[in-house]
1. Sort A:Val211, B:Val125 by heavy-atom solvent-accessible area, probe 1.4 angstrom, most to least.
2. Stokes-Einstein at 25 °C, 0.890 mPa s, Kirkwood radius from Cα pairs: D for chain A in µm² s⁻¹?
3. Can you give the average number of partner chain beta-carbon atoms within 10 Å of each beta-carbon in peptide A:200-211, as a whole number?
4. Just to confirm, what accessible area per residue do you get for the range A:13-144 at 1.4 Å probe, in whole Å²?
5. Kindly express, to the nearest 10 degrees and within the range 0 to 90, the angle between helix B:170-185's C-alpha long axis and the longest C-alpha principal axis of chain B.
6. I'd like the GluC sites (Glu not before Pro) in the range B:118-183 restricted to DSSP loop residues with at most 14 other Cβ atoms within 10 Å, sorted by number.
7. Where both residues lie in chain B, what percent of DSSP beta bridges are antiparallel, nearest 5?
8. Heavy atoms only, probe 1.4 Å: what % of the accessible area of chain B goes to carbon and sulfur, would you let me know?
Amino acid sequence: MALKLDYVVRETSTNMRRNVTLTIAAIVTMAVSLGLFGSAMLIRAGVDSLSSRWKEGVEVIVFVDRKITPEQNEALKQKLEDHPEIANSRFMDDDASREEYERIFDDNQAMLDRIKENPELLPNSYRITPATGETQAILSLSEQLGKEPGVLRATSALDGVRRVQHISSAAQTGILVVAVGLLLAAMLLILNAIRMAMFARRREIEVMKLVGATNWFIRVPFMMEGMIQGIVGSALAVSGIVFLNRYMQSLSKDQNTILTGFAASGSEVMVVMISVVVLGIVIGAVGSGWALSRFLKV
Amino acid sequence: MITFENVSKVYKGSIKALLGCTANIEKGEFVFLVGPSGSGKSTMLRLINREETADNGQLFVAGKDLARISSRRVPFLRRNIGCIFQDYKLLPNKTVYENVAFALEVIGRPRSVVHAQVPAILELVGLDEKAEGLPEELSGGEQQRVSIARAFVNRPLILLADEPTGNLDPATSVGIMRLLDRINRTGTTVVMATHDRSIVDTMQRRVIELDQGHIVRDQVRGVYQ
């Protein structure tokens with residue numbers, strides 16, 4: 001038994017026009033929730049590429065307390081030279097530290113003035129190249145060196161990366177929770193839109209059943225409605241994701257910030273988009289299928 | 001064509017609609033179901049159409065055991081059964097032509113069949129000149145003719161009529177009965193539930209009388225009472 005295309009198109013568009021507000025509500029909720037879902041995926045991909053980039057060539061900086069005694073300093077120096085996990089260490093004295101500081105804060109007169117007036121604020125430091133590239137080993141090395149006597153603080157770029165990872169995983173969880181809640185709302189809105197459409201057409205459905213239309217024939221226009229809402233919603237979400245991706249690309253291109261390299265690859269973006277569209281269609285179909293199974297008993 | 005064997009139907013809340021009814025209706029018969037309101041006439045029709053299922057007993061329609069038919073096959077059973085009602089059940093936003101064509105479209109008949117059959121059936125019921133009118137522009141008798149056209153356009157084996165003249169004046173009712181009689185003479189089995197004494201008495205057809213769910217009379221050339 002053939003389902004005629006013109007019949008399906010006609011009935012579906014009539015249904016959607018009849019409930020414009022509900023249709024729009026369902027689409028917007030769908031777009032927002034899928035947009036958030038896709039953003040969470042995209043941010044995760046960005047953070048992953050960020051962390052992998054920072055895994056190479058990480059330096060540990062050991063800041064030395066100004067009140068360090070010469071004996072302590074000697075012991076520290078010896079320790080760094082003998083440490084099996086350290087490939088190389090280099091001491092930055094007052095001049096070298098100031099030179100570097102002035103280079104970094106080249107464009108910030110206030111910061112420059114502050115150090116000029118109080119040169120003792122700027123600590124000396126050891127620059128250490130770890131023997132290993134292992135994130136965890138570098139982090140524990142840095143932690144261990146921070147506890148040595150006469151050491152102010154030991155830090156590495158990985159601390160920053162770890163902070164970004166930490167914040168982003170919290171953000172991802174939050175976004176995902178909101179997205180799932182909204183996806184559920186979108187599904188219920190679609191369910192409601194289909195119910196309203198079926199209610200508006202209950203006389204036609206009654207007649208269709210009486211003359212022997214199959215349930216599939218009755219269902220298809222309503223399922224199409226749910227799927228179209230899913231598709232339009234996910235299309236809007238995809239355009240939002242494209243914008244987010246552009247923004248991440250521009251952040252990523254800024255040299256020497258913590259976010260350098262914070263961008264998903266083209267194939268990752270593609271995967272995000274496809275999963276958003278598929279999810280949208282599935283939710284539209286599930287929402288309408290649910291409505292139909294509950295309100296279309298033989 | 002239709003066989004009830006000891007059929008019972010009890011609705012929720014233990015309302016006994018039909019109790020141990022046995023009757024056999026042959027192909028081409030014209031049968032009146034009479035009895036007071038709530039005696040089970042509509043339930044019998046709804047069972048034949050499988051809008052309801054029997055709780056007990058066996059019911060065969062067009063050679064099918066309705067207890068064994070899967071719900072997927074029900075639409076195909078209904079294509080053998082036309083239905084008309086007291087309130088016509090026409091779609092108000094479709095024209096006469098569209099109302100009748102709708103019944104063919106939704107069972108997937110090709111457009112060429114629709115174009116051929118709808119004008120023919122409208123001519124049969126005498127409404128070929130009002131094909132483009134809306135139901136609300138028609139009289140009650142005309143609306144019932146549209147509903148008969150819709151029920152009969154697919155040439156069903158059985159026509160079920162639930163008080164088709166209930167809203168019509170006697171003269172119009174006679175016209176509707178002539179039409180049903182004509183359809184019956186093409187070989188279609190007609191089962192009609194009615195309260196209309198004069199129609200039953202004039203037609204002199206088989207009468208099954210129900211009272212509180214029991215068949216109390218089954219007469220071959222019966223009258224209302």
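The values are calculated or read from the model by the stated rules, or taken from the named source; none is laboratory data. Owing to the predicted nature of the structure, the values given are computational and were not obtained by experimental measurement. Cβ placement follows ideal geometry from the backbone for every residue including glycine, while neighbour counts extend to all protein chains displayed. These area figures cover heavy atoms from the full protein model, side chains too; ligands, DNA and RNA do not enter into them. Shrake-Rupley method; radii C 1.70, N 1.55, O 1.52, S 1.80 Å.
1. A:Val211, B:Val125
2. The Stokes-Einstein estimate is 103 µm²/s.
3. Per residue, the number of nearby Cβ atoms from other chains is 6 on average.
4. Working: 7600 Å² over 132 residues.
Each residue of the range A:13-144 exposes 58 Å² on average to a 1.4 Å probe.
5. Rounded to the nearest ten degrees, it is 80.
6. Loop-located and lightly packed - B:Glu132.
7. 50
8. Exposed carbon and sulfur together represent 47 percent of the surface.
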